[in-house]
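See below for the structure under consideration.
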Amino acid sequence: HQQQMFCDGRNRNCQAFAARHGFDLLNESAIMTLSRADLDRVPHATALPIDERYYDQFRHLHPRLMPNTYFTAQQLLDRLDADSHLLIATHEGELLGYVYFQAGPGVSEGYIDFVAVAETARRRGIGTQLVAAAAHNAFDNPDIDFVRLSVNMSNSPALRLYKKLGFRQERMMMGF
């Protein structure tokens, strides 16, 4: 059996509990926030909602780029509705990347769960395009005041991208 914890990096009691009970530190993640007021820093970008033509490619790409994650590709596809969105970047019928986010009426924040770009398509601005499109799409809902995401502190390229788009680090979380 295995237990996991995820707590604010400033929570010394949680860290002491983890040490007393033999929990290993697995990762440190930044919680990043983009406010509606900062949306003017985000370039306008478009990305299309996924359609059935790309389902099989998505089912292969997601586990390769996001191994051992909390949602499988099929679970993400099954979750798509008015509140859960999967936008994609393609070229000549090939799926290059995707962003999965949640933003619906009646809530004040959207949340970007997954951003991934195929290895062969990186460093071409596709990640920026996808995150920008997700942010603008989320803020199209007048109820949304913030868009948040979490990113591993060791993922320097992603941290740079989010900061460039105006996301600010709100806190650091520790996974044990």
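The values are calculated or read from the model by the stated rules, or taken from the named source; none is laboratory data. Keep in mind that this is a model prediction, so the values were computed, not measured. Using ideal geometry, Cβ is built from the backbone for each residue, glycine included, and neighbour counts are taken over all protein chains shown. Accessible surface is based on the protein model in full, side chains and every heavy atom, while ligands, DNA and RNA are left aside. Shrake-Rupley method; radii C 1.70, N 1.55, O 1.52, S 1.80 Å.
Some notes on this structure:
- Per residue, segment 102-176 exposes 48 Å² of accessible surface when a 1.4 Å probe is rolled over the protein heavy atoms with every protein chain present.
- Additional length obtainable on full extension of the chain from Arg59 to Arg79, 0.36 nm per residue less Cα span: 5.8 nm
- Of the solvent-accessible surface of the chain, computed with a 1.4 Å probe and all protein chains present, 49% belongs to carbon and sulfur.
- Peptide ranges 67-76, 30-39, 97-106 listed from the most packed, as the mean C-beta count within 10 angstrom indicates: 97-106, 30-39, 67-76
- Net charge dipole, the chain: roughly 820 debye, given to the nearest 20, about the Cα centre with Cβ charges of +1 for Lys and Arg and -1 for Asp and Glu.
- Amide hydrogen neighbours beyond the local backbone of Asp113, cut-off 5 Å, H modeled: Tyr100, Phe101, Gln102
- Unit charges at the beta carbon, dipole of segment 1-151: most positive-side option, Ile88, Thr120, Leu48: Thr120
- Accessible-area order (highest first, 1.4 angstrom probe) of the listed residues His44, His21: His44, His21
- Cα gyration tensor category, rounded, prolate or oblate, for segment 1-82 with a/c compared to 1.5: oblate
- Residue-span extension gain [Ser35 to Asn13] - 0.36 nm each, minus C-alpha spacing: 4.9 nm
- Packing-based order for 156-166, 128-138, 1-11, using average beta carbon neighbours within 10 Å, highest first: 128-138, 156-166, 1-11
- (i) 1.08; (ii) 1.29; (iii) 0.94, with the label sought being that of the calculated Cα Rg over 2.2 N^0.38 Å: (i)
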